[in-house]
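J.: To start, I am sharing the structure in question, which I have written as structure tokens.
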Amino acid sequence: MDKLVIEGGQPLSGTIAIQGAKNAALPILAASVLACGTVTLESVPQLLDIEVMLQILRELGCRAEHEGETVTLNTATAYQAHIPEKLMSQMRSSIFLMGPLLARFGEVHIYQPGGCAIGERKFDLHLEGLRALGAEFEEYGDRISCTADKLVGADIHLSFPSVGATENIMMAAALAEGRTTIVGAAREPEIQDLQNFLNAMGARIMGAGTDTITIDGVDSLSPCSYRVIPDRIVAGTLLVAAAATKGKVTLTNTRPAHLSSLVHVLRRAGANVAIDGDAMTVSASSRPKAVERIVTSPYPAFPTDLQSPVMVLLALADGVSIMKETIFEGRFKHVGELCRMGADIRVDLGAAIIKGVPRLYGATVEATDLRAGAALVIAGLAAQGRTIVEQVHHIDRGYDSIESMLGRLGARIARSAPVPDNGAVPG
Ligand SMILES: CC(=O)N[C@H]1[C@@H](OP(=O)(O)OP(=O)(O)OC[C@H]2O[C@@H](n3ccc(=O)[nH]c3=O)[C@H](O)[C@@H]2O)O[C@H](CO)[C@@H](O)[C@@H]1O
Ligand SMILES: C=C(OP(=O)(O)O)C(=O)O
């Protein structure tokens, strides 16, 4: 397993362009099977999750290439709707293929999706939504088979604005007969991106970005070329890293409006944030200030995916901050690791009580999930001494070569791959 070795204490500085969004690219790749032909996607980052999605699509019969940031996907050759268990269990986003495969083939066979261990992560709302469109489900051991003679539009009320359920329903309903309305829909920017992509293929969808989405089903969709939006969580991670190291970093290719809640928190913590078109510059020169209370909630509120990175900034702040996590019950695994670096954080009733300390110290720590890993990297950058972050594969799910990205901003960070069994030094 690879490790990241970080020599801390170097303020980040420089300019960097933000990669395309994982959480937009994954459902868009899944949605591509709704059309028959060649879809070209730009700004698709090189990530483990993207490679797993492409591998699943190839198993379904598609032809897929990923060169640089461009994916070329021929979906015309897809011939089956059975997702292999081994690939299904490698990430949560394999579930996004349910809606599109059901709409295209009238059936889909899945297993329990995998991904980071951050909570129970049920998918009952996905199933309820698809059932309302006419799907039937049967369980055979670990396998769930879903079939529908035809999908018919329906009014669907989501009891929680699940991002994935909203997306799955949108994709299935795009080819359903008649109108589907999703009330209580998630409003994340990635849902708007999915709407834009589906509409570019000929779908008739309105309302993404609000809590009511209307989908007028069409008979067929045509392939298109599309550019994925920038990754707001990667951008947010770098903004926090710059502030935590008391550096100055400019990000280009961002959508500042997608990061409003984070910008508000950064400013309350004493960082300067300047916005100029699609560029964002953050700088900080003194110890962060505590932020009384942050609560993670669905967009446009503060995102759960930035909870752990921001906790590092607050761990270094002057005063006590509280971070309440309301989306994933298992998303505080970084706390123990941060405490091993000298942080003073206690978790009680779904909230972290963070007593800021003047400095963190390098240690060997373990990334337990994607964003926990990103937080430990930020902690290592800000800490005194050397930090080794283990289990880097979690970080590779969402950051396209995090060490190169941070290295370009002056960080002293390197990846050390294990020495192979035969004792040869890795090339
Ligand atoms: C690939 C992708 O886009 N991932 C994002 C997506 O995940 P994901 O789509 O899995 O997140 P959801 O919004 O669906 O889940 C949020 C909460 O709802 C619960 N739930 C969800 C579905 C369901 O059928 N039943 C149910 O109870 C989940 O267990 C969780 O507690 O949104 C999350 C919340 O912003 C982000 O952290 C993830 O980065
Ligand atoms: C939880 C995340 O992703 P996923 O839903 O793919 O596990 C994330 O991106 O932080």
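The values are calculated or read from the model by the stated rules, or taken from the named source; none is laboratory data. Here the structure is a predicted model, which means the values were calculated and not measured. Virtual Cβ from ideal backbone geometry, glycine too; neighbours counted across all protein chains shown.
J.: What is the residue count in segment 368-386 for residues that are buried (at least 20 other Cβ atoms within 10 Å of the Cβ) and over 19 Å from Leu314 (Cα atoms)?
T.: So in segment 368-386, the residues buried (at least 20 other Cβ atoms within 10 Å of the Cβ) come out as 368-383.
From what's left, over 19 Å from Leu314 (Cα atoms): 368-370.
Looking only at that region, the number is 3.
J.: Pairs please, first residue from segment 215-237 and on the phi > 0 side of the Ramachandran plot, second anywhere and assigned to a helix (DSSP H, G or I) and at pLDDT below 95, Cβ atoms under 9 Å, 6+ apart in sequence or on different chains.
T.: No pair meets every condition.
J.: Right, here's the next one. Among the residues of segment 5-26, are any surrounded by 24 or more Cβ atoms within 10 Å (Cβ to Cβ), away from ligand 1 (no atom under 16 Å from the Cβ), aliphatic (A, V, I, L, M) and part of a strand (DSSP E or B)?
T.: yes
J.: Among (1) over 25 Å from Phe328 (Cα atoms); (2) of a type outside the set (Asp, Glu); (3) in a helix (DSSP H, G or I), which single condition is Leu259 missing?
T.: So the condition that Leu259 fails would be (1).
J.: For segment 333-363, name all the residues that are closer than 17 Å to Thr304 by Cα and either part of a loop (DSSP other than H, G, I, E, B) or in contact with a His (Cβ under 7 Å, 6 or more places away or on another chain) (or both).
T.: Leu349, Gly350
J.: Counting just the residues of segment 178-204 that are buried (at least 17 other Cβ atoms within 10 Å of the Cβ) and closer than 19 Å to Leu101 by Cβ, which one comes out farthest from the chain's Cα centre (by Cα)?
T.: Thr180
J.: Quick check on segment 298-332: of everything there that is assigned to a loop (DSSP other than H, G, I, E, B) and within 9 Å of ligand 1 (Cβ to nearest atom), which residue is surrounded by the most Cβ atoms within 10 Å (Cβ to Cβ)? Walk me through how you get there before you give the answer.
T.: Filtering segment 298-332 down to residues assigned to a loop (DSSP other than H, G, I, E, B) leaves 298-301, 303, 316-317, 319, 325-332.
Right, trim to within 9 Å of ligand 1 (Cβ to nearest atom) and you get 298-299, 303, 326-329, 331.
Details: Pro298: 18, Tyr299: 19, Pro303: 22, Thr326: 16, Ile327: 18, Phe328: 19, Glu329: 12, Arg331: 25.
That would be Arg331.
J.: Go through segment 96-130 and give me each residue that's of a type in the set (Lys, Arg) and farther than 26 Å from Cys36 by Cβ.
T.: Just the residues of segment 96-130 that are of a type in the set (Lys, Arg), to begin with: 104, 121-122.
The answer is Arg121, Lys122.
J.: Somewhere in segment 129-146, is a residue touching a strand residue (DSSP E or B) at 6+ places or on another chain (Cβ under 8 Å) and under 20 Å from Pro298 (Cα atoms)?
T.: Yes - at least one qualifying residue is present in segment 129-146.
J.: Somewhere in segment 367-375, is a residue touching a Leu at 6+ places or on another chain (Cβ under 7 Å) and assigned to a loop (DSSP other than H, G, I, E, B)?
T.: Yes, some residue in segment 367-375 is touching a Leu at 6+ places or on another chain (Cβ under 7 Å) and assigned to a loop (DSSP other than H, G, I, E, B).
J.: Additional query: Kindly check whether there is at least one residue in segment 350-368 that is within 16 Å of ligand 2 (Cβ to nearest atom) and farther than 20 Å from Ser261 by Cα. Can you show your working first?
T.: From segment 350-368, those within 16 Å of ligand 2 (Cβ to nearest atom) are 367-368; that's our starting set.
From what is left, the residues that are farther than 20 Å from Ser261 by Cα are 367-368.
Among the residues of segment 350-368, at least one is within 16 Å of ligand 2 (Cβ to nearest atom) and farther than 20 Å from Ser261 by Cα, which makes the answer yes.
J.: What pairs come up if the first residue lies in segment 192-209 and is assigned to a loop (DSSP other than H, G, I, E, B), the second is polar (S, T, N, Q) and modelled with pLDDT of 95 or more, and their beta carbons are under 6 Å apart, counting only those six or more places apart or on different chains?
T.: Pairs that qualify, where the first residue is assigned to a loop (DSSP other than H, G, I, E, B) and the partner is polar (S, T, N, Q) and modelled with pLDDT of 95 or more, are Met201/Ser222; Gly202/Ser222; Gly207/Thr214; Gly209/Gln192.
J.: Identify the residue in segment 247-271 that is surrounded by fewer than 18 Cβ atoms within 10 Å (Cβ to Cβ) and of a type in the set (Lys, Arg) and, among all such residues, is farthest from Glu69 (Cα to Cα).
T.: Applying the filter and picking the extreme gives Arg268.
J.: Identify, please: which residue in segment 111-133 is touching a residue at least 40 places away in the same chain (Cβ under 8 Å) and more than 16 Å from ligand 2 (Cβ to nearest atom) and is, among those, nearest to Arg179 (Cα to Cα)?
T.: Per the stated criteria, the residue is Leu133.
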